[in-house]
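Enquirer: Before we start, here is the structure in question, set down as structure tokens.
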Amino acid sequence: MPSKAKMKTRMAESIFTLRQKCIAKDMYFVHNFCISLAEYNCLVLFFTQENYGVKDLAAALDITPGGVTRIITSLEKRGIIKRRISPEDRRNIDVSLTAKGKRMVIELRNASMELHGKILNQIEPELQEPVVDALEHLIDAIDFWIEEHQETKK
């Protein structure tokens, strides 16, 4: 059994490499959809939700409201998103997809599912579920660390 120190090193190196590979994979979508990486990260959020407040987008993307405004302005100029004053609280701005944006997000999501299917098919069939399960456990562990770390920052 490897030592704890070796496991930490392997984990750190593997996560760093995975991060680099995921960025390279994301750049495939950036180039094919003629969007920036920031715009891609924003549009991916719309895979699971139709509307966001600007503050919610900033929190989800972990960027400043000014950064979100730049992304929104760029996507709005291209007719991909629209913004409006929130009917619940007129101090807030809601962001949603236009018809063109909905089509783009559907295409982006379909392309993402196809690409991830191809990646999954590179793994032996009997290992596919354990790999996905391990990724989900890793995400949970990182989320736990983030929550714990945010508590100590307050």
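Enquirer: Angle, helix 99-121 long axis vs. longest principal axis of the chain, Cα atoms, 0 to 90°, nearest 10?
Expert: 10
Enquirer: Can I ask one more? Between residue 20 and residue 133, what length in nm is gained on full extension when 0.36 nm per residue of separation is reduced by their alpha carbon distance?
Expert: 38.6 nm
Enquirer: Spin-label point model (7 Å from Cα, Cβ direction): what's the residue 51 to residue 88 distance in nm?
Expert: With each label placed 7 Å out from Cα toward Cβ, I get 0.8 nm.
Enquirer: Past 21 Å, Cα to Cα, is the threshold; run 21/82; 21/77; 25/118; 82/102; 55/100 against it and keep the listed order.
Expert: 21/82; 21/77; 55/100, as the Cα separations exceed 21 Å there.
Enquirer: Using a basic spin-label model with each label point 7 Å from the Cα along Cα→Cβ, how many nm lie between residue 146 and residue 98?
Expert: In this crude label model, residue 146 to residue 98 measures out at 3.1 nm.
Enquirer: Per the Kirkwood treatment, what hydrodynamic radius in Å, one decimal, follows for segment 7-112 from the mean inverse distance over all distinct Cα pairs?
Expert: For segment 7-112, the Kirkwood estimate is 14.9 Å.
Laboratory data are not the source of any read-out in this text; all were calculated from the coordinates shown. Because the structure is a prediction, the values reported are computed rather than measured. When we count neighbours, we look across all protein chains shown, and the Cβ atoms used for this are built from the backbone with ideal geometry, even at glycine.
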